[in-house]
Amino acid sequence: MTKQQFIERLRAKLNGLPKKDIDERIAFYIEIIDDKIEEGATEEDAVKQIGSVDEIAEQIIAETPISKIVKEKFKPNRSLQPWEIVLLILGFPLWFPLLISAFSVAISLYVVVWSLIISLWAVFISVMASALGGVVAGLIFVCTAQVSSGLFVLAGALVCAGLGVFAFFGCKYATQGVLALTKNAVVGLKNRLLHKENA
């Protein structure tokens, strides 16, 4: 792939982002390609060393704040007609509460998911605290000549410690899953907005 083909494909993939951002990214990759050519690489090799257009575009889109994409997507191409302004004002009692409700539901669902994650971590901390408390209590029982009670409490503490290890990995993977899901949802929303812009 030549430098020109690379630039054209990258520009097409980034269509929908603010023009200034696209120009900055394109200039950045042109400079990288030119540097590699100056170091002795052929144009095709220089482009190949950078990576695939799809991966680069995906990374750029992921790094671009969603507010920029939304602002670019909904930037008016023309001024509103008087009758459109009247319709917006008359429809305000209908569309504004619906918009607020949809936003509230989305935020509520996200908060519920994170509340579950926080609850899982709270269970982990409680189990580990029980294990630590059981060890201390078991040693106190053993030292005060209540050996059978002390051993029973120590056994319970070991069970809690084992459960705590499993709980830790469960909490860790659940947290990573929610973070990955959040990232994928944001990137998916950005791609959908850009796809609609291109359509």
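Values in this text are rule-based calculations from the coordinates and carry no lab data. Note that the coordinates shown come from a computational prediction; the quantities given were computed from them, not determined experimentally. When we count neighbours, we look across all protein chains shown, and the Cβ atoms used for this are built from the backbone with ideal geometry, even at glycine.
The table for this structure:
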{"quantity": "Inter-label distance, nm, simple model (7 Å from Cα along the C-beta direction), residue 161/residue 28", "calculated": "4.9 nm"}
{"quantity": "Added length on full extension, which subtracts the Cα-Cα distance from 0.36 nm per residue, residue 84 to residue 137", "calculated": "11.7 nm"}
{"quantity": "GNM flexibility winner over the chain from 130, 119, 148 (Cα, springs under 10 Å)", "calculated": "148"}
{"quantity": "Using a Förster distance of 41 Å, the FRET efficiency for residue 2-residue 189 (Cβ separation, nearest 0.05)", "calculated": "0.75"}
{"quantity": "Links that overshoot a 21 Å alpha carbon limit, given the list 13/68; 68/190; 48/183; 13/71; 19/71", "calculated": "48/183"}
{"quantity": "Linear extension gain, residue 37 paired with residue 59, 0.36 nm per residue minus alpha-carbon span", "calculated": "5.5 nm"}
{"quantity": "At least 24 Å along the helix axis (C-alpha) and Kyte average at least 1.6, DSSP helices within the chain", "calculated": "82-143"}
{"quantity": "Identified option (computed semi-axes √(5λ) of the Cα gyration tensor in Å; candidates [x] 55, 32, 10; [y] 31, 19, 15; [z] 28, 23, 13)", "calculated": "[x]"}
